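**Student:** I'd like to ask some things about the structure below.
Where a number appears in this text, it was derived from the coordinates with a stated rule and is not lab data. What you see is a predicted model, and the numbers here were worked out from it, not measured in a lab. FYI the Cβ positions are ideal-geometry reconstructions off the backbone, even for glycines, and counts take in every protein chain you see.
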């Protein structure tokens with residue numbers, strides 16, 4: 001994210017993408033597609049149609065890989081969570097971008113949860129409660145979720161203290 005998008009006195013503290021676990025199944029699918037395509041290429045009988053059949057197998061494998069692997073990979077890479085000294089920013093989208101900002105001053109609670117597998121992989125769910133019309137933001141597959149939660153909580157307290165000093 002460009003710091004040009006930030007307000008005066010605001011600085012970026014943390015920028016994250018979703019945990020790599022979100023693209024694990026697409027990569028497993030890629031391995032399966034490659035193995036199936038290789039087996040089909042081996043078992044295609046040697047005859048005069050062999051070239052067309054092999055091209056068809058390769059084309060189908062490439063289309064499956066592009067759709068079921070490429071799209072989730074690009075979606076993962078273009079989804080970012082940015083934590084600044086004034087707000088939590090969510091940006092996502094491939095062809096069109098969508099953004100959502102949570103001012104730290106409006107955040108009332110920050111919690112996390114993660115199960116056994118998430119703990120082993122170092123990720124989890126982050127829940128941000130906010131006063132306002134949207135109320136709650138639930139983010140899954142956040143890397144180092146405990147560190148992010150602690151950092152976000154500290155930044156919320158720092159922002160509240162900063163605004164209290166300004167009000168005096």
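**Student:** Can you sort 147, 21 from fewest to most other Cβ atoms within 10 Å of each residue's own Cβ?
**Tutor:** 147, 21
**Student:** While we're here: Using label points projected 7 Å from each Cα along Cα→Cβ, tell me how many nm separate residue 74 and residue 119, to one decimal.
**Tutor:** According to this spin-label approximation, the distance is 3.9 nm.
**Student:** What angle do you read, to the nearest 10 degrees and between 0 and 90, between the alpha-carbon axis of helix 145-167 and the longest principal axis of the chain?
**Tutor:** Rounded to the nearest ten degrees, it is 30.
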